[in-house]
Amino acid sequence: MGGVTLSRWTMSYFAAALAALVLAEVLMAAGYGYPAAAVAAPETLILVHVVVIGWLSLLMCGALFQFVPVLIARPLHSNSLPLPTLACLVTGLTALLLGFLQLAGKATPDAPFFPVAAGLLGTGFGLALWNLGRTLWSARPLPLPARFVAVGLFSIGATVTFGVVFALVLGGVTVYPHFIDVTAMGLPIHVIAGLGGWLTFTAMGVSYRLLAMFMLAPELDRTATRSVFYAGSFALALVIIGGAAAICFGGNLMAIIAAGGLLSLAALALYGRDMLYLYRARKRRTIELNSRIAAVALANLAATVLLAVVLLASGTFERDIAAPIFLFTFGWLSGLGLAKLYKIVAFLTWLECYGPVLGKATTPRVQDLVVESRAMKWFVLYFLAVWSATAILLLGWPQAFRAASVIMVIATSGIVVQLVRIRTLTDVQARLRWPAGVRQPRLLHSRI
């Protein structure tokens with residue numbers, strides 16, 4: 001870790017994110033939102049934002065507060081800002097969900113939930129952007145993985161800007177014509193900037209560094225890797241900036257999105273080749289569970305692209321769009337997130353507990369904090385449920401989708417239990433657990 005300090009509140013972000021993931025899966029199991037409700041129904045919007053903001057964005061923010069300093073070998077700009085950032089994001093998400101309930105006629109009709117959500121979420125993500133942006137700015141010129149993160153930060157800025165416009169229009173705060181047009185036609189840009197730019201492009205950059213670090217593979221900065229960066233960045237700029245201009249000035253939005261999609265396919269193909277190279281060039285021949293599960297998540301990304309192409313070719317993409325989005329969200333992004341959490345929680349807990357006494361006492365290895373054979377079954381169950389749910393969405397069987405969601409709840413809960421066991425050092429052998437100078441780690445924040 002190159003002397004980089006631990007981020008005090010990263011574990012709190014992870015805990016809040018996992019709670020949101022389980023909540024979303026419980027809602028799906030209860031038949032709340034799509035496919036039991038329409039895609040644009042308030043119930044579906046609640047489910048979507050619990051996943052994207054509550055689970056994936058909190059997970060990403062918590063990880064970046066810890067690992068952006070690792071990418072650039074510089075300290076985080078502020079270790080005090082992550083806590084108010086988390087508070088703003090959680091309360092802002094709560095207000096947003098109440099706003100959607102208001103649209104469904106199930107919350108106080110006169111309360112300004114959407115404007116409050118816009119203010120709180122804008123503030124929360126703004127604080128995250130300021131903190132991470134200042135950290136990256138101090139390390140110019142940036143290494144390649146950090147440049148991916150920088151583009152991801154611009155993407156979340158765009159995502160939040162579109163979301164704020166949507167909230168202000170839905171809340172009746174503004175009737176500015178361009179804002180109304182953006183609300184009517186800007187959803188695809190909002191989704192692409194969030195899922196494609198903020199979450200996927202950032203995850204791609206971080207994965208270059210973390211997979212190389214955890215598998216003892218060479219760090220990549222070759223022509224193909226730079227091509228991934230440039231193609232992906234240009235695709236995002238084209239869709240976000242060009243798309244916004246098309247909405248406001250009467251351009252062809254669908255043509256712009258199609259052009260961005262082709263560039264994205266090229267970037268993803270090159271990224272997949274880089275990932276294969278990392279796995280083949282690794283020095284650690286027997287790879288750990290987190291890297292094996294990450295490989296499954298990468299396969300899900302490839303399967304999502306293939307499924308989308310098949311649906312486009314068959315003319316059923318619009319009808320069946322929920323299936324590739326579900327596989328992308330839960331098979332790729334969530335699968336990779338859970339895989340990396342399993343390693344990151346163990347790694348950070350080991351650093352916090354045993355790093356200070358390393359060389360002064362006998363300490364366990366990072367792998368001694370986990371029991372991979374026990375965790376493996378929960379990851380297998382999780383992916384089997386995700387694949388089943390994707391197939392069920394294609395077949396149009398809502399009741400069967402609920403059953404698959406129940407299995408997802410069980411599997412995710414099993415993974416969460418393993419993470420708690422890691423954090424509480426439950427699986428460390430008693431003779432190694434408490435050398436002199438080691439204190440029990442706190443579940444929700446780190447001592448730094």
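Among residues of the stretch 410-422 that are more than 15 Å from residue 380 (Cα to Cα), those with a Cβ under 8 angstrom from a residue that is among the small types (Gly, Ala, Ser) and in a helix (DSSP H, G or I), sequence gap 6+ or separate chain, pair up as 422/346. If you go through the stretch 131-161 and keep only what is of a type in the set (D, E, K, R) and at pLDDT 95 or above, you end up with 134, 147. For first residues located in the stretch 100-112 and assigned by TED's automatic domain parsing to the domain that holds residue 37, partners that are crowded, with 17+ Cβ neighbours inside 10 Å and of a type in the set (Phe, Trp, Tyr) and lie 6+ apart or on another chain with Cβ distances below 6 Å form the pairs 102/113. For residue 310, state whether it is surrounded by fewer than 22 Cβ atoms within 10 Å (Cβ to Cβ), modelled with pLDDT of 95 or more and assigned to a helix (DSSP H, G or I). Judged against the criteria, residue 310 is a match.
Could you please give the count of residues in the stretch 214-246 that are aliphatic (A, V, I, L, M), free of Cβ contacts under 8 Å to residues at least 40 places away in the same chain and closer than 25 Å to residue 295 by Cβ? Talk me through it step by step, then tell me what you get.
Here is the first cut: in the stretch 214-246, the ones aliphatic (A, V, I, L, M) are 215-217, 220, 224, 228, 231, 235-241, 244-246.
So of that shortlist, the ones also free of Cβ contacts under 8 Å to residues at least 40 places away in the same chain come out as 231, 235, 237-238, 241, 245-246.
Narrowing further to those that are closer than 25 Å to residue 295 by Cβ: 231, 235.
Residues that pass the stated criteria total 2.
Scanning the stretch 278-307 for residues that are in contact (Cβ under 8 Å) with a residue 40 or more places away in the chain and not in a helix (DSSP H, G or I) yields 282, 283, 284, 287, 288.
Test residue 385 against the stated conditions and say whether it is in contact (Cβ under 8 Å) with a residue 40 or more places away in the chain and either among the small types (Gly, Ala, Ser) or under 30 Å from residue 436 (Cα atoms) (or both). Working first, answer last.
Values: in contact (Cβ under 8 Å) with a residue 40 or more places away in the chain: no; either among the small types (Gly, Ala, Ser) or under 30 Å from residue 436 (Cα atoms) (or both): yes.
Spelling it out, it is not the case that residue 385 is in contact (Cβ under 8 Å) with a residue 40 or more places away in the chain and either among the small types (Gly, Ala, Ser) or under 30 Å from residue 436 (Cα atoms) (or both).
I'd like to know if the stretch 135-150 contains one or more residues that are polar (S, T, N, Q) and more than 25 Å from residue 45 (Cα to Cα). Working first, answer last.
Start the filter on the stretch 135-150 by keeping residues that are polar (S, T, N, Q), which leaves 135, 138.
Within this subset, residues satisfying the condition of being more than 25 Å from residue 45 (Cα to Cα) are 135, 138.
Checking the stretch 135-150: at least one residue is polar (S, T, N, Q) and more than 25 Å from residue 45 (Cα to Cα).
Among the residues of the stretch 160-185, those identified as crowded, with 19+ Cβ neighbours inside 10 Å and of a type in the set (Gly, Ala, Ser) are 163, 167.
Looking only at residues that are touching a Leu at 6+ places or on another chain (Cβ under 7 Å) and aliphatic (A, V, I, L, M) in the stretch 242-261, which one is farthest from residue 178 (Cα to Cα)?
Filtering the stretch 242-261 for residues that are touching a Leu at 6+ places or on another chain (Cβ under 7 Å) and aliphatic (A, V, I, L, M), the one farthest from residue 178 (Cα to Cα) comes out as 259.
Of the residues making up the stretch 313-324, those that are assigned to a helix (DSSP H, G or I) and small (Gly, Ala, Ser) are 313, 314, 322, 323. Return the residues of the stretch 126-137 that are within 20 Å of the chain's Cα centre (by Cα) and free of Cβ contacts under 8 Å to residues at least 60 places away in the same chain; say none if nothing qualifies. Selection gives 126, 127, 129, 130, 133. Consider the stretch 270-294 and keep the residues that are surrounded by fewer than 16 Cβ atoms within 10 Å (Cβ to Cβ) and of a type outside the set (Lys, Arg). The one that is farthest from residue 238 (Cα to Cα) is 286.
When restricted to residues that are under 17 Å from residue 190 (Cα atoms) and buried (at least 19 other Cβ atoms within 10 Å of the Cβ), the stretch 114-156 contains 11.
Take the conditions touching a helix residue (DSSP H, G or I) at 6+ places or on another chain (Cβ under 8 Å) and part of a helix (DSSP H, G or I) and apply them to residue 247. Does it pass? So residue 247 passes the test.
The values are calculated or read from the model by the stated rules, or taken from the named source; none is laboratory data. This is a predicted model, so every value here is computed, not measured. Glycine also receives a Cβ, built like all others from the backbone with ideal geometry; neighbour counts cover every protein chain displayed.
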